[in-house]
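**Q** If you scroll down you'll find the structure; I have some questions about it.
The values are calculated or read from the model by the stated rules, or taken from the named source; none is laboratory data. For clarity, every value in this text was computed on a predicted model and none was experimentally measured. Cβ sites come from the backbone with ideal geometry, for glycine too, and all protein chains shown count toward neighbours. Just so you know, the surface numbers come from the protein's heavy atoms only, side chains and all, with ligands and any DNA or RNA stripped out. Shrake-Rupley method; radii C 1.70, N 1.55, O 1.52, S 1.80 Å.
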Amino acid sequence: MFPSPAPIPAPHRAPPQIAISRQLRPEAPPWGQVLHSLQGQTMGTSWSLLCYGPAALRLAPVQAAVQARLDALVAELSHWEPRSLLCRFNGLRVGKGLDLPPDFAAVIAAALHVAEASAGAFDPCMGALVQRWGFGPPGQPPAQARAPLQAWRELRWDAPRRHLMQPGGLMLDFSAIAKGHAVDCISALLVELGLPHHLVEIGGELRGQGLKPEGQPWWVDVEPPATDCDLPTLRIALHQLAVASSGDYRRFRIDEQGRRLSHTLDPRTGQPVAHELALVSVLHESAMWADAWSTALMVLGPEQGLTLAASRGLAARLVLREGGGWRQLLSPALQALLEDAA
């Protein structure tokens, strides 16, 4: 996904489908504010932001504050950083637990909620399985690591105490939710810094707050799964809204038999997903929830994924490979946003 301030429909596609948030707030930044841009690295990918502020805005302190917030999240939530709090939990002996700080607690609570609501299509305990398939940190997981199916059911989470207990050998992996949470955190930080009109992106997950001086929202296009995809572009007005996508077209590997293996694993089978679904995009007020739900729908596949999206009121677009071409499925909530924009 990428910002598209002056979008032009690709000539081989139909006119774009336009989704506009119903949470419209008309207050735009004062005239005279200018567009600022910052970027950096985090979570094995890049981050970037656009924001409107005074022409004399000192960008160095903003950059430092954003990077510090992201570094703190990595120190808690990364399964690639051996000294992170998450890795510390993964190494605990059976029956031991940790009292969690607010960010970690928010992520595990949301992850377990999506796991239960999706009947295990989302699972935050996929660390050992992901590593064994070659999509995690280099090397094999520790000898004591376990990768049972539906591992999330073994976790003991005491929400009031913010205490998480290790049942023994389970390895947390927040790859499908941490970037979204980080987007939400940076958006909240910018509001605290007096920069409420902004667009934040981390690894393709985006959230837009406020408006541009001319009253326009932050327009973004969802990247298609392939250059030959002739479906209409999904164009979104990111105004108090986030979008996250999951797909099988960017991260995959070829095994010894020449098979193309998606990096998205099904926690219910322990295998890469093997259906015709190529891309799922979810719109939500929170990037964290959009991130997690898009993964769950991607695992479930087109029929079950659309059913779950409809039952949960999720605005979702599912793109399928079909007979050498492409087809899309739209959830009722997304269809309603598209009709509002018509």
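**Q** Report the label-to-label distance for Ser37 and Ala188 in nanometres (one decimal), using points 7 Å from each Cα along the Cα→Cβ vector.
**A** Modelled inter-label distance: 2.9 nm.
**Q** Can you send over the solvent-accessible area of Leu283, 1.4 Å probe, protein chains only, in Å² to the nearest 10?
**A** 10
**Q** I've got another one for you. Assign unit charges at the C-beta atoms only (+1 for Lys and Arg, -1 for Asp and Glu), then state the dipole size of region 179-330 relative to its Cα centre in Debye, rounded to the nearest 20. Each step should come with its number before you reach the end.
**A** Values: 14 positive and 18 negative charges, 30 e Å.
Dipole about the Cα centre, nearest 20: 140 debye.
**Q** While we're on this one: Computed FRET efficiency, Cβ-Cβ of Ala274 and His163, R0 45 Å: what is it to the nearest 0.05?
**A** That pair, Ala274 with His163, gives E of 0.75.
**Q** Over the chain, what is the relative contact order in percent, taking alpha-carbon pairs closer than 8 angstrom and at least six residues apart?
**A** That works out to 21 percent.
**Q** For His275, His113, what's the largest-to-smallest order of accessible area, 1.4 Å probe?
**A** Largest accessible area first, the list is His113, His275.
**Q** Need one number: nm distance between label points at Leu57 and Ala109, each 7 Å from Cα along Cα→Cβ, rounded to one decimal.
**A** For the pair Leu57/Ala109, the computed spacing is 3.0 nm.
**Q** Between Ala68 and Ala119, what length comes free when the chain is fully extended (0.36 nm per residue of separation minus the Cα-Cα distance, one decimal in nm)? Mind showing how you got there, number by number?
**A** Values: separation 51, 0.36 × 51 = 18.36 nm, distance 3.61 nm.
Full extension from Ala68 to Ala119 adds 14.8 nm.
**Q** Related question: What is the distance, in nm, between label points placed 7 Å from the Cα along the Cα-to-Cβ direction at Ser48 and at Gln144?
**A** Here the modelled spin labels are 4.4 nm apart.
**Q** Further question on the same structure: Can you give the accessible area of His284 in Å² (nearest 10), computed on protein heavy atoms with a 1.4 Å probe?
**A** Here the accessible area works out near 50 Å².
**Q** Which longest uninterrupted range of the chain lacks any trypsin sites (Lys or Arg not before Pro) assigned by DSSP to a loop state (not H, G, I, E or B) and surrounded by at most 13 other Cβ atoms within 10 Å?
**A** The reported range is 162-249.
**Q** Please compute the length gained on full extension between Ala14 and Asp228, using 0.36 nm multiplied by the number of residues separating them and subtracting their Cα-Cα distance.
**A** Numbers: separation 214, 0.36 × 214 = 77.04 nm, distance 1.29 nm.
Between Ala14 and Asp228, full extension yields 75.7 nm more.
**Q** Given a Förster radius of 25 Å and the C-beta distance between Arg153 and Thr307 as r, what FRET efficiency does 1/(1 + (r/R0)^6) yield to the nearest 0.05?
**A** 0.70
**Q** Which is the longest stretch in the chain that no exposed loop site breaks, taking sites as GluC sites (Glu not before Pro) with a DSSP loop state and at most 10 other Cβ atoms within 10 Å?
**A** With GluC sites (Glu not before Pro) excluded where exposed in loops, the chain gives 28-213 as its longest stretch.
**Q** Per-residue accessible area for Cys125 at 1.4 Å probe radius, Å² rounded to 10?
**A** Approximately 10 Å² for this residue.
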